[in-house]
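The values are calculated or read from the model by the stated rules, or taken from the named source; none is laboratory data. Computed from a prediction, not measured in an experiment: that's the story for all the values here. Cβ placement follows ideal geometry from the backbone for every residue including glycine, while neighbour counts extend to all protein chains displayed.
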Number of protein chains: 2
Amino acid sequence: MLRSFFSSTQDKWQPIIKQLESVVGKDGVVRRKEELLTYECDGLASYRQRPGLVVLPRTTEEIAAAIKICHDNDIPWVARGAGTGLSGGALPVEDCVLIVTARMRQVLDIDLANHRITVQPGIINNWVTQTVSGAGFYYAPDPSSQIICSIGGNVAENSGGVHCLKYGVTTNHVLGLKIVTAEGKIMDLGGKVPEMPGYDLTGVFVGSEGTLGIATEVTLRILKRPESVCVILADFPSIAQSGAAVAGVISSGIIPAGMEIMDRLTINAVEDTVALGCYPRDAEAVLLVELDGLAVEVAANKKKVAEICRANGARDITTASDEATRMKLWKGRKAAFAAAGHISPDYFVQDGVIPRTKLAEVLKEINQLSDRFGYKIANVFHAGDGNLHPLIMYDNSVEGAFADVEELGGEILKLCVESGGSLSGEHGIGADKNCYMPYMYNATDLETMGYVRDSFNPKGLANPGKLFPTPRTCGERANAQKMAKVKDAELF
Amino acid sequence: MLRSFFSSTQDKWQPIIKQLESVVGKDGVVRRKEELLTYECDGLASYRQRPGLVVLPRTTEEIAAAIKICHDNDIPWVARGAGTGLSGGALPVEDCVLIVTARMRQVLDIDLANHRITVQPGIINNWVTQTVSGAGFYYAPDPSSQIICSIGGNVAENSGGVHCLKYGVTTNHVLGLKIVTAEGKIMDLGGKVPEMPGYDLTGVFVGSEGTLGIATEVTLRILKRPESVCVILADFPSIAQSGAAVAGVISSGIIPAGMEIMDRLTINAVEDTVALGCYPRDAEAVLLVELDGLAVEVAANKKKVAEICRANGARDITTASDEATRMKLWKGRKAAFAAAGHISPDYFVQDGVIPRTKLAEVLKEINQLSDRFGYKIANVFHAGDGNLHPLIMYDNSVEGAFADVEELGGEILKLCVESGGSLSGEHGIGADKNCYMPYMYNATDLETMGYVRDSFNPKGLANPGKLFPTPRTCGERANAQKMAKVKDAELF
């Protein structure tokens, strides 16, 4: 039905464009091919698809009206925030309307006394902190892309970040949402107090990757800035020892704000690129531990963490409590992905989770996979959460290399799931990993999620072909026909 | 259909009993009227309904088989843990099978390294802590009934407790669930790592009040015992000042483990009953603040909290770090409900949430309602969360008193919702408050929740008539006919 609508003459677009323009204004509809180029992909640049057209609404009501037009005309649509997602969640589908929130960047309400702020979805993650920092507050979830990614995208992907070990991921910070469902209905989920009766639909929506609707207003919890922050850098002669130190810190009852490990390949890539001189090139692993809280608490924990690191074989330990040195120690970690891009023509970031206690074992197996496939893998990860980010280095100009890398990435995900972990820690499933969902979920699980999706998105028009595996692997579903017609879903 | 099944001859029970006995054994089916008396109500003792029969399974498979029998024969069923719930969630419906988890009290797995424990649902809340306390761990959510309530019931009601201000309610501590849906399907929700892709069905299930199925295995997060704990007791010449102190503490960035306020009526009821001598009878309010963490951190925060209390007009401040004195200071708070029972023939506990900043304003309005209706109201509440527990005192032997009290309770809930709060902080909706759900949710909200329910419970046989308003107020729904036949739903 979708294809038949659009594959006939272009004339059929005309009434749709007219209707959409009447909602968002002439300047709110993008339809020239050259302009649509920008929207062909998100951060998962390996897949591209031009949308049918782009709309740029400004309000909840405009989004509701635009979605209603799609619903009434059986047009698939995809939501896009800043387009920084790494799993293709905002990748257009053929002949879709792409709803972009770039003009929805208002702060709607600030309620410091109750520690919350309500924003439109297009606002950049880091702006939330900037808005409230004068009053001593900040917004905790901090994806690496925080200076460019949008809150709406964070909600869709349930984004994480370095500080999510202590503070939790996006879902732990969303108190309430105004959403538009795939039928164009406006709903308020959650509210201004944390506990609400009935089913936790806020929790269902956060991380639903655009398959249930669009969040048009987001009420976030904001936190008071801690009195004191300190970073500890420890280097280890083996990855296993750094992993043991992580387990030791957690066992001691300390919950650091973040704990990150980089392996030797990453350390050297970073030193080659950013040349900080603070990561020892001969270390097999460096561990970064950030502690925050009262000054007395940070001081006491700093001592304990250093002791635990030493007991687990750490060679040198550097600590920094002043902002400048702290930033320097973190800079290498933050530049890790970019550094990989400097030492290899191309790289592929995987995102998987394992139980923290299996770090050493799983990393050994990843090394074996690296040898078997013949591709170097740099490891940099949120060690406290067991959230791995193996960077597979390859050269896309070599025929077959990308297919190899995809297979290798899939093997790593299998490893994660078999160890009791998960397919994704923070990047989402999107168009990239939906074929792996059956590793984690059986037919009943996927069918039940499908029913939940149908509760918000009965025609399957919202972000079709994403998150769930194609019908071939997940059984017959209400919108099987539509999904099968979506080109991108067929890639996997 | 339900009624026609059972209202004909008793013979029709016979094949069901045979089938259930073949699943749970002869000693696993309770059917004698005298024995069924025990199961006529839960903690909401004002409503009673004898179940058709009771089954006592021991395993997930037995529960699945029992539910399948109900499903195949269109028999409604209700799950019951320890029966301590305060909203009638485990209240039987007419001619139902009551599935009781009292024989499911095994600890299935303890994984200290990953801070988790997997238990059967019938295990008592406090046993979880007892099981892991030798290794220095505890389970954080601590409802007042923790020495008798079950983990399965806690999951169903998303139970809270005194320490949920800092540590969150049950949903923040459930990592994974094995459940049996209302169709008798076994599903694994969540897992052993916190972040899982796809919709957060674990979050939907926790707090679903038995309307989606039964949790048969629960994987809980356990925490390390803090190094130090301290309680601060401050008394105030007005409720407003104690509320301002709570706001002041939170604004300062300190997150106490718990913050509780009791008003003068409660203080005197407690002193009359438990006679601790530590709550000043002439105070309008006492505030209890519990701090935990490193010893240095607790010491620093203790000083700050005392300063904030003094700045807000506190008269005396007592602190206790030793276990015995701490327990004594808490004893009055824990005995508050029982004390109300001593000073009044009957009392009705309400449970509502308001934004923390509106404490003084809402309590003033509750006082006005108390005067208008002519019933005394004692206030004791989780002040940090804004979770009120007004205790309405009345005499059930006076005709019309209970109806008055219900109306008064409803007015208090309206106040909570109008202030931006919620109908329930921790006791659930159950059979007690479902008629108030339209205060908080519109038709679209309730319809969408209804669709989600149908994803797990398509025939509406699991705990019918609970959580959602009756069809008269929530529109026509798939199982409207069944719900309308359930006697208890008609009470409201």
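Name the residue that is nearest to the chain's Cα centre (by Cα), counting only residues in the range A:325-350 that are closer than 25 Å to A:I232 by Cβ and charged (D, E, K, R). The residue in question is A:K334. Do you know which residues across the range B:409-452 are of a type in the set (F, W, Y) and facing chain A (nearest Cβ under 7 Å)? The answer is B:Y441, B:Y451.
When you look at A:V206, is it β-branched (V, I, T) and at the interface with chain B (Cβ under 10 Å from one of its Cβ atoms), yes or no? In short, yes.
The rows are residues; the columns are (1) of a type in the set (D, E, K, R); (2) within 21 Å of A:K224 (Cβ to Cβ); (3) more than 14 Å from chain B (Cβ to nearest Cβ).
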residue	(1), (2), (3)
A:G88	no, no, no
A:E94	yes, no, yes
A:I99	no, no, yes
A:R105	yes, no, yes
A:I110	no, yes, no
A:H115	no, yes, no
A:T118	no, yes, no
A:I124	no, no, yes
A:W127	no, yes, yes
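What about B:T211, is it more than 8 Å from every other protein chain (Cβ to nearest Cβ) and either in contact with a Ser or Thr (Cβ under 6 Å, 6 or more places away or on another chain) or assigned to a helix (DSSP H, G or I) (or both)? Spelling it out, it is not the case that B:T211 is more than 8 Å from every other protein chain (Cβ to nearest Cβ) and either in contact with a Ser or Thr (Cβ under 6 Å, 6 or more places away or on another chain) or assigned to a helix (DSSP H, G or I) (or both).
The residues on offer are B:K166, B:K178, B:K185, and the sole one that is at the interface with another protein chain (Cβ under 7 Å from one of its Cβ atoms) and charged (D, E, K, R) is B:K185. For the structure I just gave you, tell me whether B:A401 is over 20 Å from the mean Cα position of the chain (by Cα), outside the structural domain of B:E94 (by TED's automatic domain parsing) and not basic (K, R). It is true that B:A401 is over 20 Å from the mean Cα position of the chain (by Cα), outside the structural domain of B:E94 (by TED's automatic domain parsing) and not basic (K, R). Applying the criterion of being within 31 Å of the chain's Cα centre (by Cα) and in a loop (DSSP other than H, G, I, E, B) to the residues of the range B:302-324, the residue that is farthest from the other protein chains (Cβ to nearest Cβ) is B:D322.
Of all the listed residues (B:V289, B:V298), the sole one being without any contact (Cβ under 8 Å) to a residue 60 or more places away in the chain, touching a strand residue (DSSP E or B) at 6+ places or on another chain (Cβ under 7 Å) and closer than 13 Å to B:V231 by Cβ is B:V289.
Quick grid of which residues meet (1) out of contact with any Leu (no Cβ under 7 Å at 6 or more places or on another chain); (2) of a type outside the set (D, E, K, R):
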position: B:L56; (1), (2): yes, yes
position: B:T60; (1), (2): yes, yes
position: B:I69; (1), (2): no, yes
position: B:D72; (1), (2): yes, no
position: B:D95; (1), (2): no, no
position: B:A102; (1), (2): no, yes
position: B:P121; (1), (2): yes, yes
position: B:W127; (1), (2): yes, yes
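Against the criterion of being at pLDDT 90 or above, in contact with a strand residue (DSSP E or B) (Cβ under 7 Å, 6 or more places away or on another chain), more than 25 Å from A:C164 (Cα to Cα) and assigned by TED's automatic domain parsing to the domain that holds A:I261, A:R315 qualifies.
Do we find that A:A215 is modelled with pLDDT of 95 or more, aliphatic (A, V, I, L, M) and in contact with a Pro (Cβ under 6 Å, 6 or more places away or on another chain) in this structure? Considered against the rule, which asks whether it is modelled with pLDDT of 95 or more, aliphatic (A, V, I, L, M) and in contact with a Pro (Cβ under 6 Å, 6 or more places away or on another chain), A:A215 comes out as yes.
Residues in the range A:169-208 that are part of a loop (DSSP other than H, G, I, E, B) and small (G, A, S) were compared, and the one that is surrounded by the most Cβ atoms within 10 Å (Cβ to Cβ) is A:S208. Applying the condition of being in contact with a helix residue (DSSP H, G or I) (Cβ under 8 Å, 6 or more places away or on another chain) and acidic (D, E) to the range B:411-442 and asking which residue is surrounded by the most Cβ atoms within 10 Å (Cβ to Cβ) yields B:E426.
Assess whether B:E195 counts as being more than 7 Å from chain A (Cβ to nearest Cβ) and either closer than 25 Å to A:H427 by Cβ or modelled with pLDDT of 95 or more (or both). Spelling it out, it is not the case that B:E195 is more than 7 Å from chain A (Cβ to nearest Cβ) and either closer than 25 Å to A:H427 by Cβ or modelled with pLDDT of 95 or more (or both).
Residues checked against (1) outside any helix (DSSP H, G or I); (2) closer than 21 Å to A:I186 by Cα; (3) in contact with a helix residue (DSSP H, G or I) (Cβ under 7 Å, 6 or more places away or on another chain):
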{"position": "A:E34", "(1), (2), (3)": "no, no, no"}
{"position": "A:L37", "(1), (2), (3)": "no, no, no"}
{"position": "A:L44", "(1), (2), (3)": "yes, no, no"}
{"position": "A:Y47", "(1), (2), (3)": "yes, no, yes"}
{"position": "A:P51", "(1), (2), (3)": "yes, no, yes"}
{"position": "A:E62", "(1), (2), (3)": "no, yes, yes"}
{"position": "A:A65", "(1), (2), (3)": "no, yes, yes"}
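Here B:S397 passes the criteria (1) touching a Pro at 6+ places or on another chain (Cβ under 8 Å); (2) surrounded by fewer than 18 Cβ atoms within 10 Å (Cβ to Cβ); (3) closer than 30 Å to B:L212 by Cβ except the one numbered (3). Scanning for something farther than 30 Å from A:N268 by Cβ, over 22 Å from the mean Cα position of the chain (by Cα) and not in a helix (DSSP H, G or I), does the range A:379-394 turn up at least one residue? No; the residues of the range A:379-394 include none that is farther than 30 Å from A:N268 by Cβ, over 22 Å from the mean Cα position of the chain (by Cα) and not in a helix (DSSP H, G or I). B:C416 is checked against (1) at pLDDT 95 or above; (2) under 25 Å from B:N268 (Cα atoms) and fails just one. What number does that condition carry? Of everything listed in (1) at pLDDT 95 or above; (2) under 25 Å from B:N268 (Cα atoms), B:C416 misses just condition (2).
Checking the stated criteria, A:A234 turns out not to satisfy the condition of being surrounded by fewer than 24 Cβ atoms within 10 Å (Cβ to Cβ) and within 28 Å of A:F348 (Cα to Cα).
Entry remark, the range A:318-347: residues being over 27 Å from A:N301 (Cβ atoms), out of contact with any helix residue (DSSP H, G or I) (no Cβ under 6 Å at 6 or more places or on another chain) and at pLDDT below 90 number 3 in total.
For the range B:404-418, a residue qualifies if it is under 22 Å from B:K376 (Cβ atoms) and either part of a loop (DSSP other than H, G, I, E, B) or over 20 Å from the mean Cα position of the chain (by Cα) (or both), and the qualifying residues are B:D404, B:V405, B:E407, B:L408, B:E411, B:L415.
Filtering the range A:272-299 to residues that are surrounded by fewer than 20 Cβ atoms within 10 Å (Cβ to Cβ) and within 14 Å of chain B (Cβ to nearest Cβ) leaves A:A295, A:V296, A:A299.
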